[in-house]
Structures are given as C-alpha cells and as structure tokens.
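Below is one structure, written out as structure tokens, with a few remarks after it.
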Amino acid sequence: MTNLLILGGSGRTGLHVLTQAAARGHRVRALVRNPAAVQAPPGVELIPGTPSNIDDIRKAAQGSEAVISALNNSRASDSPWAKSVSPPTFMADATRNTLTVMGEQNIRRIVVTSTQNTGDGRASVNPAFKALVKLSNLKVTFDDHDGVDEVVRASDADWTLVRAVFLVDKPVVTPVRAAEAGTDKPGTRINRGDLAGFLLDTVEQGTWIHKAPVVWNAGR
C-alpha cells in the first residue's frame with residue numbers, strides 16, 4: 001500500500017487512476033478544483049485546489065510517497081482538435097510546482113502522463129502530421145507537453161514520462177505494450193483504463209525510472 005497523490009483525477013484518464021488505485025488498496029488523495037463534481041470511489045480523499053497554486057499542492061501532498069499526474073490541458077470540447085482553454089503552459093507550470101513540493105517534502109517518485117511524439121520523440125513524427133500540428137489547436141498542447149518533458153528531465157526526482165498513443169474510451173483490454181521511442185513500432189490506440197493501470201504498475205513495480213516509454217494496447 002502506497003500513499004498516492006493524483007493530479008488530474010477529475011479527467012477522463014484520471015478517474016480511472018482513482019478507481020484502480022483505490023481498488024488496489026492504496027491510500028489516495030486527489031487535488032481537484034471542484035470535489036462536488038467528481039464521482040470518486042469510496043476512500044479517495046478529494047482536496048480542493050489547483051496544481052497552478054503551489055500552496056494547494058503543498059497541502060495535498062502531505063504524507064504522500066508518490067505522485068501520478070494525469071493532467072492535460074482543458075479544451076472547449078472532448079475533441080482533440082478543439083481549442084485549448086487552459087493557459088498555454090498550464091501542464092509545465094503545474095509540473096514545476098509539483099516537483100518543487102516533492103523536493104520540499106522528500107517525495108522521490110513521480111509518474112507523468114505524456115503523449116507520443118513529444119520531447120525527444122518528436123524526431124520520429126511523420127512530417128505531414130508535424131505540419132498539421134503546427135497549423136491546428138494541437139500545437140499549444142504539444143508545446144506544453146514539450147515543456148513538461150524539459151522540466152521533468154531537469155529534476156532529480158525518480159521520474160517516468162509515460163507517452164500514450166491516441167487515447168480511447170473503450171472497456172479495459174489488456175495487455176499493454178511499452179517500449180522506448182524508436183525501439184518498436186507502437187500500435188495506434190490505448191484505452192484510458194489500461195493506461196491508468198500502466199501508470200499504477202509503474203509506481204508499484206518501480207519500473208521505467210528516468211525513461212519515457214511509449215505505451216499502447218497490443219493488437220491495436
């Protein structure tokens with residue numbers, strides 16, 4: 001059993017993390033803007049606040065042994081092409097705040113949800129897709145993920161950047177495959193529930209430390 005702090009727990013992936021973490025017997029806290037709007041499982045403690053405020057993170061992180069971040073930029077709709085309504089550096093700033101608090105409170109482990117084709121994985125992006133990103137609303141999100149990548153890698157935490165392929169809301173289907181960029185040809189999709197399970201496995205097993213695996217559902 002681990003004392004976990006979950007960031008982004010009100011999101012579509014984060015809710016899976018809360019549910020599965022509680023089912024596995026962890027003590028779970030989640031920092032969320034509006035606890036009344038989150039249907040968290042029994043036993044999950046919802047702390048009101050935002051990761052944009054470092055004092056909110058300080059309060060929520062007390063007693064934690066590891067952090068899982070499922071943060072993403074809010075958009076005008078659930079479409080990945082919709083306009084972002086979050087500040088352009090929301091994720092990078094929140095991650096920087098989190099890492100500062102982790103240092104203050106001697107929390108070593110953080111697992112961060114990222115996306116394929118960011119950071120040093122950008123080199124493998126299809127040129128046509130890269131051009132499309134630059135001309136679309138995705139550019140803000142991809143740039144912010146790049147900022148997260150930079151902040152995390154510069155820290156002395158035991159970090160893992162989990163680079164998910166295209167996320168889908170399907171029933172949980174295993175197994176999940178993972179590989180560092182350029183070492184395997186990934187599938188195209190991963191279920192949010194399976195991604196949540198991988199995030200928790202990575203914390204529980206102490207795997208992929210200082211690495212950025214791409215993750216996908218086998219056979220997809």
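Round to a whole number: what % of the accessible area of segment 3-118 belongs to carbon and sulfur, probe 1.4 Å?
Looking at segment 3-118 in its full context, I get 49 percent from C and S.
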| query | How far is it, in nm, from the label point at Glu150 to the one at Asn106 when both lie 7 Å from their Cα along the line to the Cβ? | reply | 3.3 nm
| query | On full extension of the chain, what length is gained from Thr188 through Thr2, given 0.36 nm per residue of separation minus the C-alpha to C-alpha distance? | reply | 63.8 nm
| request: Give the cross-link partners of Lys139 among the lysines, using a straight C-alpha distance below 16 Å as the criterion and excluding same-chain residues fewer than 8 apart. | output: Lys83, Lys130
| Net charge contributed by nearby residues that have their C-beta within less than 9 Å of Leu167 (K/R +1, D/E -1) | +2
| message | List the aspartates and glutamates whose Cα sits under 13 Å from the Cα of Lys59, skipping any in the same chain fewer than 8 residues away. | response | Glu45, Glu104
| task | Would you mind calculating the gained length between Asp78 and Ala37 on full extension (0.36 nm times residue separation, minus the Cα-Cα distance), in nm to one decimal? | result | 13.0 nm
| task | Rounded to whole Hz and in sequence order, give me ³J(HN,Hα) for segment 97-110 from the Karplus expression 6.51 cos²θ - 1.76 cosθ + 1.60, θ = phi - 60°, writing x for Gly and Pro. | result | 4, 4, 5, 4, 5, 4, x, 5, 9, 6, 9, 8, 9, 9
| task | Could you work out the local net charge near Arg27, counting Lys and Arg as +1, Asp and Glu as -1, over the other residues with Cβ closer than 15 Å to its Cβ? | result | 0
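Excluding ligands, DNA and RNA, what is the solvent-accessible area per residue of segment 44-115 at a probe of 1.4 Å, expressed in Å²? Kindly include the intermediate steps, with their values, before the conclusion.
Working: 3160 Å² over 72 residues.
Normalised by residue count, the accessible surface of segment 44-115 is 44 Å².
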| query | At what distance in angstrom do the alpha carbon centres of segment 140-181 and segment 1-58 lie from each other? | reply | 19 Å
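If the only charges are +1 at each Lys and Arg Cβ and -1 at each Asp and Glu Cβ, what is the size of the charge dipole of the chain around the Cα centre, to the nearest 20 debye?
On the way: 25 positive and 21 negative charges, 117 e Å.
Taking the Cα centre of the chain as origin, the dipole is about 560 debye.
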| Sorted by accessible area (1.4 Å probe), largest first, how do Ile54, Ile110 line up? | Ile54, Ile110
| query | Which angle from 0 to 90°, rounded to the nearest 10, does the C-alpha axis of helix 14-23 make with the longest principal axis of the chain? | reply | 50 degrees
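The values are calculated or read from the model by the stated rules, or taken from the named source; none is laboratory data. Since the model is a prediction, treat every value here as computed from it, not as a measurement. Virtual Cβ from ideal backbone geometry, glycine too; neighbours counted across all protein chains shown. When the accessible area is computed, the model is the full protein with side chains, heavy atoms only, and any ligands, DNA or RNA have been set aside. Shrake-Rupley method; radii C 1.70, N 1.55, O 1.52, S 1.80 Å.
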